[in-house]
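Visitor: Handing you this structure, nothing more for now.
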């Protein structure tokens, strides 16, 4: 998937006004996700996302994954975009369901397996992908 196609899907799912808003939301969500999964998984995910998303994700990579729950995930996204955590839940879902459509099922399983089960629904999956 090309970068503009990825943002168009995020824009449609999130009902954003334009591609710039979709890009800002996408960067925020992926930046927080990069804090939550292992550096190796960040690299694997980055390799399957269109440029510049992969590079943004790689830039947000940390030395080791942090452990935080879904509410903290929403709080961190909300802080980055200047919104409420409830809005961040909507935003995270718009981005992560698009990620799920973009990456392989094996990659998606690896990401979801590093997260508490409450995260799976953000990717539009009740559990691991087939």
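Visitor: For the subset of region 34-44 comprising residues that are in a helix (DSSP H, G or I) and more than 19 Å from residue 91 (Cα to Cα), which member is nearest to the chain's Cα centre (by Cα)?
Guide: For region 34-44, the residue satisfying everything is 42.
Visitor: Sticking with this structure for a sec: Pairs needed: first member in region 35-50, without any contact (Cβ under 8 Å) to a residue 40 or more places away in the chain and on the phi < 0 side of the Ramachandran plot; second member anywhere, part of a loop (DSSP other than H, G, I, E, B) and surrounded by 15 or more Cβ atoms within 10 Å (Cβ to Cβ); C-beta distance under 9 Å; at least 6 residues apart or different chains.
Guide: Listed pairs, sorted by first residue: 39/61; 39/65; 42/61; 42/65; 43/61; 46/61.
Visitor: Tell me yes or no: at least one residue of region 63-70 is closer than 21 Å to residue 108 by Cα and assigned to a helix (DSSP H, G or I).
Guide: yes
Visitor: Might you check whether a residue that is under 20 Å from residue 112 (Cβ atoms), more than 11 Å from the chain's Cα centre (by Cα) and touching a residue at least 60 places away in the same chain (Cβ under 8 Å) occurs anywhere in region 20-33?
Guide: no
Visitor: Of the residues that make up region 55-77, is at least one crowded, with 22+ Cβ neighbours inside 10 Å and touching a residue at least 60 places away in the same chain (Cβ under 8 Å)?
Guide: Checking region 55-77: not a single residue is crowded, with 22+ Cβ neighbours inside 10 Å and touching a residue at least 60 places away in the same chain (Cβ under 8 Å).
No value in this document is a laboratory result; all are computed from the given coordinates. The structure presented is a predicted model; accordingly, all values stated were derived computationally and were not measured. Counting neighbours? That spans all protein chains shown, and the Cβs are built from the backbone with ideal geometry, glycine included.
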